[in-house]
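Here, each number is a calculation from the coordinates, and none is a lab measurement. Just so we're clear, the structure is a prediction, and the values are computed from it rather than from any experiment. Using ideal geometry, Cβ is built from the backbone for each residue, glycine included, and neighbour counts are taken over all protein chains shown.
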Amino acid sequence: MKKAILLAVLATGILLSICGFIANQTTLEGKVTDKDTNDPVLFATVMLYQNDSMITGTQTDMNGHYKFERIEPGFYHVKVRYIGCFDWEVRNHEVREGIANVLNIEITANEVMLNEVVITEYKVPLIDMDKTVSGVKVAGIRNEQKNKNLYSGNFYQKKCIDPDYRSTQSESYEHLAENRFIPVMEEALSTFSIDVDRESYANIRRFLSAGQLPPKDAVRIEEMVNCFDYPYQRPAGKEPFALFSRLTTCPWDTSHQILHLALNTRMLDKNILPPSNIVFLIDVSGSMGQPNKLPLVIASFRLLVDQLRETDRVAIVVYAGAAGCVLPSTPVSDKKEIIRALEKLQSGGSTAGGAGIQLAYAIAKENFIKGGNNRVVLATDGDFNVGISENGALEDMITAKRKENIFLSVLGFGMGNYKSDKMQILADKGNGNHAYIDDIKEARKVLIEEFTGTMFTLAKDVKVQIEFNPVFVEAYRLIGYENRMLEKEDFNNDQKDAGEVGVGHSVTALYEIVPPGGNSLYTGKVDDLVFQTPDQEQISVNTNDLALFKVRYKEPEGMKSSKIEKRISPKVLKIEEAGTDTQFALAVAAFGMLLKDSAFKADASWNNVLELAQMATKTMKISEDDGGYRAEFIEMVRIAKDLSESLSME
């Protein structure tokens, strides 16, 4: 009896302690606005610091509102960053217990170009309502840009866009012709390398945040679709992949169908993953001096270091006019030394990217861990202008380095002189992946939420081949993946390089299909051959399968590939019955086609995209949209719609 009473007392004490801990937590929220127009500032990054360490970060929404929840009472620094415009902070802001703490921030558009502005909070009368709200409004000064107008609710009006700010003449993107419809009787096999890069979507968001539509060549639809997580089934057996397929009506051309394919990987606890030997390769040239470049790189790598285990190792190589090692390979147990080296970095000089890559690979090889995760993580705007800088020479160098079983992750930063084409080459030829970091929220997504997928390779040289059945398919078109297409013979050729998949990553692909008798405008017709006649006996008599879905892959250090396959049912679902994952993926694909002004967009429209995205999310709980990325997508579509309509009226 006494024992039971004692246990009850202890349980009550623990419960009260937990409740007391939760009760002590509070919130901080507010609105970021343009002081001159009182318009909200959208997609500004708001970061919360304590004792010079970042606690958390968020972005303002479509109303300029931000909110931090479940934070401890105390004094904080609140830093606001807006891409390409300003970087400032409110220091020593007190967050109190038991009230809703409000910090509204007004930004003044100032034509004077300043260095970073730090605002130390001053005493103002509190707005006290029922003694439940603490409110403070402070004014800030933008720096770094002369742009007179912030991105706000009426940003898309022509007068709000500074021509210098809109310029992308120094940015470079690879031009790729869209995949066409291919008649099955001409070629039944479609072969491509998988792609888990996510760069295009974040880069598009950066353009829309700046009040402009992205260049058409910056829009890579497969990267946009793969930027989102989908609830595909994970593999149950020894295979590294589980294969998924679904056939539905095409929302932008109802006479066509969409084949939704995916492969999903196993999730693994990072504590059982192999040890890491990582080299941070950081561009510190003069072009990296802007707040959304080197300062964001440093903040991003601090997040990455926090994800590593004490037994992992990190070295830091920098390059500007020349390359140098600022930190030899150091165990993460000495985290303070790694952070100290990061925070000492400053920008200046030209950009000898090739020399930096060579040195980084040399250090990674020197500290190579057999069976481990050996990786170079490059952070740059891609503006190489000294030494090896041409795309062809970079491709040759990286192709040679990948044979050493050292993988490459490429993180792009900045705007104005962003070289997407160079970074695509580095990632594609270096057995790696490519992401664009436009703010601290995206850094958290890539380096924390997707840590294992970004940093640990599950399989390499992953290829997909689809064999279509002419009984059900007259013609097909792979949406996106233009720079990943392979010859059909490459599928079984283990010497042919292909893409890598990280632990926990999934890959999605969409085919638009013309069924027999579809009379598509896109398939075209040719005259009958004079010297040959089609062999009708080769037409399949299989009426059970639409297609055969095949995947080849190698182990991270393997040389011989393995194959898995799945037969695809010809059952067609209405788009309303196709599932929220398919509906949302198609909304993203249609959005990309509109941004590219695709020749195959048919009846796609901004309103159609919004309807499809809302159909996919209307039953979704807030907790299921982790990070709010789907809600953000819908707002991006609205922004693009407004911009497009505004430009069409000029």
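Whose amide H sits under 5 Å from the amide H of GLY416, counting only residues 5 or more places off or on another chain, with H placed in the peptide plane?
none
Residue separation times 0.36 nm, minus the C-alpha to C-alpha distance between GLU449 and SER255: what's the value? Write down the numbers at each step before the final one.
Values: separation 194, 0.36 × 194 = 69.84 nm, distance 3.93 nm.
Here the answer is 65.9 nm.
Around LEU458, which amide H atoms from residues at least 5 apart in sequence, or from another chain, sit under 5 Å from its own amide H, with H modelled in the peptide plane?
VAL501, GLY502, VAL503
If I stretch the segment between ILE272 and ASP334 completely, what's the gain in nm (0.36 nm per residue apart, minus their alpha carbon distance), one decimal? List each step's numbers first, then the result.
Details: separation 62, 0.36 × 62 = 22.32 nm, distance 2.10 nm.
Fully extending the segment from ILE272 to ASP334 adds 20.2 nm.
Hey, with R₀ at 25 Å, roughly what FRET efficiency would ASN492 and ARG567 work out to, going by the Cβ-Cβ distance, to 0.05? Write out the running numbers ahead of the final one.
Working: r = 19 Å, r/R0 = 0.77.
For ASN492 and ARG567, the calculated efficiency is 0.85.
For THR33, enumerate residues with amide H under 5 Å from its amide H, sequence gap 5+ or separate chain, H modeled in the peptide plane.
For THR33, whose amide H was placed from the backbone, the distant partners under 5 Å are VAL41, ILE105, GLU106, ILE107.
Among the listed pairs LYS370/LYS401; LYS336/LYS370; LYS238/LYS550; LYS238/LYS401, which have their C-alpha atoms separated by more than 21 angstrom in this model? Walk me through the numbers on the way to the answer.
Details: LYS370/LYS401 16 Å; LYS336/LYS370 27 Å; LYS238/LYS550 17 Å; LYS238/LYS401 30 Å.
Pairs exceeding the cut-off: LYS336/LYS370; LYS238/LYS401.
Could you work out the local net charge near ALA547, counting Lys and Arg as +1, Asp and Glu as -1, over the other residues with Cβ closer than 11 Å to its Cβ?
After counting each charged neighbour, the total is 0.
So, in nm, how far is label MET620 from label LYS67 when the simple model puts each one 7 Å beyond its Cα toward the Cβ?
Those two pseudo-labels are separated by 1.9 nm.
Across region 326-342, in residue order, what do the Karplus-derived ³J(HN,Hα) couplings come to in whole Hz, using 6.51 cos²θ - 1.76 cosθ + 1.60 with θ = phi - 60° and x for Gly and Pro?
These are the phi-based 3J(HN,Hα) values: 9, 8, x, 4, 10, x, 5, 4, 9, 4, 4, 5, 5, 5, 4, 5, 4 Hz.
Quick check on packing: order 225-238, 206-219 by the mean number of other C-beta atoms within 10 Å, highest mean leading.
On the way: 225-238: 15.2, 206-219: 21.1.
Ranking the peptides 225-238, 206-219 by packing returns 206-219, 225-238.
Computed FRET efficiency, Cβ-Cβ of LEU610 and ALA400, R0 41 Å: what is it to the nearest 0.05?
Details: r = 47 Å, r/R0 = 1.16.
Once the sixth-power term is evaluated, E becomes 0.30.
Given labels modelled 7 Å from the Cα in the Cβ direction, how far is it in nm from PHE531 to LYS370?
5.9
Using a Förster distance of 60 angstrom, determine the FRET efficiency expected from the C-beta separation of GLU557 and PHE75, and round it to 0.05.
Values: r = 50 Å, r/R0 = 0.84.
Computed FRET efficiency for GLU557 and PHE75 comes out at 0.75.
Hey, what does the equivalent ellipsoid look like for region 270-454, semi-axes from the Cα gyration tensor as sqrt of 5 times each eigenvalue, largest first, whole Å?
Values: eigenvalues 98, 70, 49 Å².
Rounded to whole Å, the semi-axes are 22, 19, 16.
Highest mean first, how do 484-491, 430-437 rank when packing is the count of other Cβ atoms within 10 Å averaged over residues? The partial results should precede the final answer.
Details: 484-491: 16.0, 430-437: 26.4.
Descending packing order for the listed peptides: 430-437, 484-491.
With θ set to phi - 60°, apply the Karplus curve 6.51 cos²θ - 1.76 cosθ + 1.60 along region 298-314 and write out the HN-Hα couplings as whole Hz, x wherever there is a Gly or Pro.
Per-residue couplings from phi come out as 4, 4, 5, 5, 5, 4, 5, 4, 5, 8, 7, 8, 4, 7, 6, 10, 9 Hz.
Using each residue's phi in region 256-266, evaluate 6.51 cos²θ - 1.76 cosθ + 1.60 at θ = phi - 60° and report the 3J(HN,Hα) Karplus result to the nearest Hz, with x for Gly and Pro.
Rounded to whole hertz, the list is 10, 10, 10, 9, 9, 10, 7, 10, 10, 10, 6.
Take the eigenvalues of the Cα gyration tensor for region 434-497, scale each by 5, and report the square roots as semi-axes in whole Å, largest first. Show your work: numbers first, answer last.
Values: eigenvalues 213, 59, 23 Å².
After scaling each eigenvalue by five and taking roots: 33, 17, 11 Å.
Please work out how much length the chain gains when fully extended from LYS238 to ARG91, using 0.36 nm per residue of separation minus the C-alpha to C-alpha distance, in nm with one decimal.
Using 0.36 nm per residue and subtracting the Cα-Cα distance, I get 47.6 nm.
How would you order 360-368, 611-619 from highest to lowest mean count of nearby Cβ atoms within 10 Å?
360-368, 611-619
Let me see the pair-distance distribution of region 477-525: every alpha carbon pair, 10 Å bin width, integer percents in order.
For region 477-525, the pair-distance distribution reads 17, 36, 32, 14, 1.
In the neighborhood of GLU635, defined by Cβ-to-Cβ distances under 12 Å, what is the net charge if each Lys or Arg adds +1 and each Asp or Glu adds -1?
Values: positive: ARG205, ARG630, ARG638, LYS641; negative: ASP61, GLU632, ASP642.
That works out to +1.
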